[in-house]
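No lab work stands behind these numbers, since they all come straight from the coordinates. A quick note: this is a predicted structure, and the numbers were derived from the prediction, not measured. Because the Cβ atoms are built from the backbone with ideal geometry, glycine has one as well, and the counts that use them run over all protein chains shown.
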Amino acid sequence: KYFEFHELIPSDDMPKIYNSVDIVILASQYDPFGITPAEGMACEKAVIVSNKSGVKDIIESGVNGIVCDLSEFEKNIEYLIRNEKIRKKMGKLARKTLVKKVSMEKFIDSHKKIYWDLAKKI
């Protein structure tokens with residue numbers, strides 16, 4: 001009733017998928033930075049991620065998403081299902097956070113700094 005599982009979905013179809021759901025979940029035991037929750041955040045979706053995920057670094061748990069241990073996923077999913085107003089507010093704040101912290105400009109600026117710092121050492 002609450003979940004849909006999909007095989008590989010073409011990239012062009014992903015915004016439609018994200019906009020059809022209420023919550024985006026990344027229940028990984030480890031990943032450097034999960035693109036799935038970032039894409040969900042871009043679509044103003046509440047996200048729940050593992051405290052072992054790299055994307056946890058841009059999430060303030062309880063504000064713009066939820067970061068938790070895998071053993072707490074069930075209760076947090078239920079919490080967001082039952083609290084539509086909180087879920088939608090989290091989604092809006094998630095998008096604002098993503099734009100602020102993970103924009104292309106930030107990505108380019110951080111790489112420029114790395115290259116300039118390396119060039120100074122040569």
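Of the trypsin sites (Lys or Arg not before Pro) in segment 14-77, which ones lie in a loop per DSSP and count no more than 15 other C-beta atoms within 10 Å?
Lys52
Put +1 on the Cβ of every Lys and Arg and -1 on every Asp and Glu Cβ in the chain; which of Leu98, Phe5, Asn51 then has its Cα farthest towards the positive end of the dipole?
Checking the options against the dipole of the chain, the answer is Leu98.
DSSP loop (so not H, G, I, E, B), at most 13 other Cβ within 10 Å: list which chymotrypsin sites (Phe, Trp or Tyr not before Pro) in segment 1-104 pass both filters.
Of the chymotrypsin sites (Phe, Trp or Tyr not before Pro), the ones in loops of segment 1-104 whose Cβ has at most 13 other Cβ atoms within 10 Å are Tyr2, Phe3, Phe5, Tyr30, Phe33.
If one computes the Cα centroid of segment 1-56 and of segment 84-101, what distance in Å separates the two points?
One Cα centre to the other: 14 Å.
Greater than 24 Å separation of Cα atoms is the criterion. Which listed pairs, Lys56/Lys92; Lys1/Lys56; Lys89/Lys112; Lys56/Lys120; Lys75/Lys106; Lys45/Lys106, meet it?
Long pairs (Cα-Cα over 24 Å): Lys1/Lys56; Lys89/Lys112; Lys56/Lys120; Lys75/Lys106.
With n ≥ 4 as the cut-off for DSSP H runs, can you work out [θ] at 222 nm for the chain, using -39500 (n - 2.57) per run divided by the number of residues, rounded to the nearest 500?
-15000 deg cm²/dmol
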